[in-house]
Every structure is written in structure tokens, then in C-alpha cells.
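Nothing in this text is a laboratory measurement; each read-out follows from the coordinates by a stated rule. Here the structure is a predicted model, which is why all the values come from computation and not from measurement. Don't worry about glycine lacking a Cβ; one is built from the backbone with ideal geometry, like all the others, and counts go over all protein chains shown.
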Amino acid sequence: MERVIDLNKYLPDIITHYLDIARDAALELGYDIYLVGGAVRDILLKDYDIHDIDLAIEGDTAEFADLFRSKIEPVGFIYHEPFNTATFTISDDLHIDIAMCRTESYPQKAVLPIVEPAELRDDLKRRDFTINAMAISLTEGNKLVDIFSGEKDLKNGIIRILHKKSFLDDPTRIWRAVRYACRFDFEIEPSTLTLIERDKGNLSLLTPERRRYEMECVLNEKEPVKTLQKAKELGLIDLSAELIKRLEDAGELDELTFMAVYLEDKTDDVILRECEYWGLNSHDRDILMEVKDLKSRTVQKQHSKIYKTLKNYPEKALEIARRLTRDSRMKDMLSYYLDTARETVPFLTGDDLKELGYPEGKLLGEKLQELFMLQLDGEIDSREDAIARAIKL
Ligand code: ATP
């Protein structure tokens, strides 16, 4: 039975406005165009808070993108020649992606696919799960196209792949399965689960960049720790119960904070290996090393000593260490440095000292530092005081 989705009734006007323009542009060119992927899933789940719209076109993407662009005048536009896709930025929280309907074939496990133009049905077949493999035909009266019974799986709360080779072709789908299962509180269907068990070893074949992207997606979920817990249960990542608890306590998890907890008690060798595996660059790796190093610093009380101890650490490392430390004195020390010492403006500058007769050079730098330390320790409390001290020093 044909099922028509009443987009105008539920979607915000801003979205239907752009969908109407896309439909008219496609009709003008004689192409069929479809709303696909996550937006269709979310509409059927009655979640209309949609920020990313994926459109699939049976036709020439470049030609369509030009016409659509001339009708909407987006704030941003990128055409990706090699992939035949276009991204339109409407605003900070509304993007429209347009791609030609395509088939994908995988020459080897876990590499990016070879892509060829195709019809919508083939395009749906290359997708990850039944719930993400539905389309709404904008040029055919908003008819739902659901060849894999995705709507039924949505109703029953099930994550199901489309074919047995799915995770071999693209192991990132394993992480995607975990994310959707946790996000919607869905079950991973038993044979999909068996294939995750069979194919999860292929996650190691991905490039570190692709692994990193998957981790970013996990951390961007509303409940990243729940997702990580599930990943641990499925044997995708090694996390002890204590680490899970530490991640919960850490609050909002950006990538480096997550890695700092994950690698907390690891040796330098393991940290280096894991950074490589998860595609972290040398800058990020250095920050993680500094966080580890900070843990071993002696807690200081005197303000000038705190300043001297911490001044050469990168700000990001200090902030992560402050969030993660369980030692309240260490937390106070880091807070003093980050919130007070670093914000304090020295009473005197190098130019002031030069005016007072100090020759330019190393000594001047040392005097400035000395005066600033006295200022932090409360022994100098005004510019006049500082000038008087500078003359004496
Ligand atoms: P969300 O962004 O809310 O996680 P989404 O479904 O929009 O969900 P995207 O990553 O933006 O997720 O992907 C858009 C669509 O592209 C998916 O719904 C799915 O149909 C398809 N897709 C994305 N990644 C894959 C993949 N690795 N394998 C197969 N299909 C994929």
C-alpha cells in the first residue's frame, strides 16, 4: 500500500520551504529527487528537529546543484567534484547535502568504495541499516520508499543491516550500529549482532583518520558514555568499569578529555600507540603527555611557585588536568593558575623598566618576572609600589 508522508504538517516551515524549491528544480530538469537517510528516519520517529537534509537525485548532480543554488542563494556552497555531491549551508544549523543516486562496490575490505550512478533502489541498498534506508519521493507526492521494511524496524526498535557483507565492506557501520542502538534505545537484531562479533576485527583495517571520525561521532552523541559502555560490551574498545565511571564523572567529553581518561594510567609507549591507532596528531599527543606529566607535579601553595610550575604547560593540558584531577589541592592550584595568575596584568612592562634605566636584555626579563612574582604573592599591590621595588632591585 502506498504511504504518503505529510511533510507540511509536521516539519518546520524553513525545511519545507527548501524541500519545495528542490522539488521544483528537479521537476524543471525532469529528474526525480528524494529525501533520504536520517531525516526520513527522524520524521517517522516524530523527531522534527532536523538540521541536516540529505537529498538524492536521479540525474546530473552538478546541473541540479547549479539550478538549486540560483534559487536559494545559500550562505555557503561546496561542490565535491570527485564524489558528485554538493553541500549547501543555509545557516549554522541547517545544511542540505545533495548526491546522485549511486551504487557502491568495495574492491577490498574496509577501503572507500567505487561509486557509479544508479537508481534510487540501488542507492538505498548501499546504506547501513534498514532504518536509514528509506526515502521520501519529493517529485512523486511525498511517497515513502521503504524496500527493506525500515519503518517496521523503527516501530520495533531494531537495528538491522541490509546484507551479510555489510560490516566487511565498511566496518565503520559497527560503530554506527552502536551509536543508533544507544541513541534510540534500540536492540541490535541477533544476526546483525553475530556479524558484528564476526567482523569487528576488521576495525583495525580502517585508516586512523576514519577511526578518529567514528570516535568523534560517538563523543558527539547525547550520551557518549552509554555508547562507549555498549561498545565495551561488544568488545570494540577496552574500558574497565572504573574508567567508565571516570568518564561519567568527567562531564562533557571532547576528544582529548576522553583520551586523557582512557589513557590515564598507561605507559608512554601505550599512549603513543593508542594515539596513532586513533589518528591523533603530534600536537594532541603532546597535550596528552603533558596532562600525564602534570599529574606528577608537586602541589604548590605559594602563588609565584604555582606560576613558575605551570607557566610552560599548554592551556588545553592544564584545563583537562583540572577537570580530571581527583586531588582537590591540585585542582585549586590549577584553578589559581588558569583563573587568576594567567589573567593578572603585570603592574610594569618592559618599556616601564627601560624608562627606569634598565638596559635591554636578559636582566630586564628577569627583573620583570621577579616583580610579577612579588605581585602575585601580594608583596606589591600597586604600580607605584612596583616602581619603587624596581628601583631597589
Ligand atoms: P545522524 O547524523 O543523525 O547520525 P544520519 O542518518 O543523517 O544520522 P549520516 O552519517 O549523516 O547519518 O549519514 C546519512 C545517511 O547516509 C545515513 O542515514 C545512511 O543512509 C547513509 N550512510 C552514512 N554512513 C554510511 C555508511 N558508513 N554505510 C552505509 N550508509 C551510510
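Seen against the Cα atoms of the chain and their longest principal axis, helix 61-72 is set at about 70 degrees.
Under the definition of Cα pairs under 8 Å and six or more residues apart, what whole-number percent is the relative contact order of region 344-392?
43
Counting other Cβ atoms within 10 Å, keep those with at most 15, restrict to DSSP loop, and tell me which trypsin sites (Lys or Arg not before Pro) in region 75-135 are left.
Taking region 75-135 and a limit of 15 other Cβ atoms within 10 Å, the loop trypsin sites (Lys or Arg not before Pro) found are Lys109.
Secondary structure note: in region 42-179, about 75% of the DSSP beta bridges are antiparallel.
Show me the trypsin sites (Lys or Arg not before Pro) within region 282-355 that DSSP assigns to loop and that have at most 10 other Cβ atoms within 10 Å of their Cβ.
The qualifying sites are Lys301, Arg326.
Against the chain, whose longest principal axis comes from its Cα atoms, helix 383-392 is set at around 50 degrees. Return the FRET efficiency for the residue pair Glu355, Asp377: r is the Cβ-Cβ distance, R0 is 22 Å, and the value is rounded to the nearest 0.05. Rounded to the nearest 0.05, the efficiency is 0.35. With Cα atoms defining each centre, region 20-65 and region 276-300 are spaced 44 Å apart in the structure. Two-decimal Rg/Rh of region 344-392 from alpha-carbon positions, Kirkwood Rh? Answer for region 344-392: 0.92. The Cβ shell under 10 Å around Asp93 holds other residues with a net charge of -3, Lys and Arg each +1, Asp and Glu each -1. Rounded to two decimal places and with Rh computed the Kirkwood way over Cα pairs, what is Rg over Rh for region 1-104? In region 1-104, Rg relative to Rh is 0.94. Across the chain, C-alpha contacts under 8 Å between residues 6 or more apart give a mean separation that, scaled by the residue count, equals a relative contact order of 10 percent. In loop segments of region 238-270 as defined by DSSP, the GluC sites (Glu not before Pro) with at most 15 further C-beta atoms inside 10 Å of their C-beta are Glu252. Mean silhouette area of the chain, derived from the convex hull of its C-alpha atoms and averaged over all directions, reads 26.0 nm². Per residue, the average separation of C-alpha pairs within less than 8 Å and at least 6 apart gives region 109-169 a relative contact order of 36 percent. When the alpha carbon gyration tensor of region 157-237 is reduced to an equivalent ellipsoid, the three semi-axes, largest first, read 17, 17, 10 Å.
Given a Förster radius of 30 Å and the C-beta distance between Asp332 and Asp92 as r, what FRET efficiency does 1/(1 + (r/R0)^6) yield to the nearest 0.05? Efficiency, rounded to the nearest 0.05: 0.20.
Running a GNM on the chain with Cα contacts under 10 Å, which residue among Lys266, Lys222, Lys362 ends up with the highest mean-square fluctuation? Fluctuation is largest for Lys362.
When both region 125-142 and region 344-393 are represented by their alpha-carbon centers, they are found 69 Å apart. Lysine pairs in region 65-173 whose alpha-carbon atoms fall under 29 angstrom of each other, counting only those eight or more residues apart or on distinct chains, come to 16. In degrees from 0 to 90, rounded to the nearest 10, what is the angle of the helix 268-277 Cα long axis to the longest principal axis of the chain? Once rounded, one gets 30 degrees.
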